[in-house]
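The values are calculated or read from the model by the stated rules, or taken from the named source; none is laboratory data. Fair warning: this is a prediction, and the values are worked out from it, not measured in the lab. Here the Cβ positions follow ideal geometry from the backbone for every residue, glycine too, while neighbour counts run over all protein chains shown. Surface areas here come from the heavy atoms of the whole protein model, side chains and all, with no ligands, DNA or RNA. Shrake-Rupley method; radii C 1.70, N 1.55, O 1.52, S 1.80 Å.
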Amino acid sequence: MSPEVALAAGYAGLLVTGAFVLEWLSAHTHRRSLRFRTAGFSYDETQDHWECPEGQHLWPHEFDHERRLVRYRAKAHICNGCARKAACTDSDRGREIVRPLDPWPHSEAGRFHRAVSLVMVVLAGLILVVEGARHHEPPEAALLVGLLVAAVLAARWLLRDLRAHPANFPAPPVPHDPGVVVTAADGRRPQSRWSSQRRP
């Protein structure tokens, strides 16, 4: 086996492994952050509510269909009269917990990490395809094809899970500042009576 094939195979395998390590780290960080925000609270899946350490319930308060989130909130008068309020929340409207409706990657940060992992796997596949076109010896071809199959399966899994959760980016706001010039889709600016804005 030539050193070039061994180096390419090792680098492709490292890319695929790094993609899954990045995916695991991002999901682990998200789960850890969620556990930190809900520390001391328990979720009842059958009745869909959270229970605080003092035994009070947080019921669904708002469904955010754009971001696919459910906000749970406790009653304000109970939280405001609780002795542990200072250590729990600074809101006078009651403690709030946000729970995502979709599994990982449901957030934009999760989708970004998933896209980076997918790019790493695609790059590994391209390296293997190029090396397979250059080297046709049976041992080398078997190694490259095996790694290519693994890269294709990994990319398929990452892409399928990514497409299952739409981005849900909010629509960009329309600027209301009179000093902001809005360009059209073709790059042209609206007519102006000022000569300085008529320059291309």
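Observations on the model:
- Boolean, Arg68 is touching a His at 6+ places or on another chain (Cβ under 9 Å), more than 30 Å from Glu140 (Cβ to Cβ) and charged (D, E, K, R): yes
- Number of positions in the stretch 34-53 that are in a strand (DSSP E or B) and in contact (Cβ under 8 Å) with a residue 12 or more places away in the chain: 3
- Count - residues of the stretch 135-146 that are in contact (Cβ under 8 Å) with a residue 24 or more places away in the chain and open to solvent by 50 Å² or more (accessible area, probe 1.4 Å): 3
- Residue check, Val130 open to solvent by 50 Å² or more (accessible area, probe 1.4 Å), among the aliphatic types (A, V, I, L, M) and assigned to a helix (DSSP H, G or I): yes
- The set of residues in the stretch 54-80 that are assigned to a loop (DSSP other than H, G, I, E, B) and surrounded by 13 or more Cβ atoms within 10 Å (Cβ to Cβ) comprises Glu54, Gln56, Arg67, Arg68, Ala74, Lys75.
- Search result, residues across the stretch 1-33 that are within 20 Å of Arg134 (Cβ to Cβ), loosely packed, with under 12 Cβ neighbours inside 10 Å and not hydrophobic (A, V, I, L, M, F, W, C): Pro3, Gly10
- For the stretch 82-131, a residue qualifies if it is modelled with pLDDT of 85 or more and either of a type in the set (Gly, Ala, Ser) or in contact with a Gly (Cβ under 7 Å, 6 or more places away or on another chain) (or both), and the qualifying residues are Ala83, Ala86, Ala87, Ser91, Gly94, Ala115, Ser117, Met120, Ala124, Gly125.
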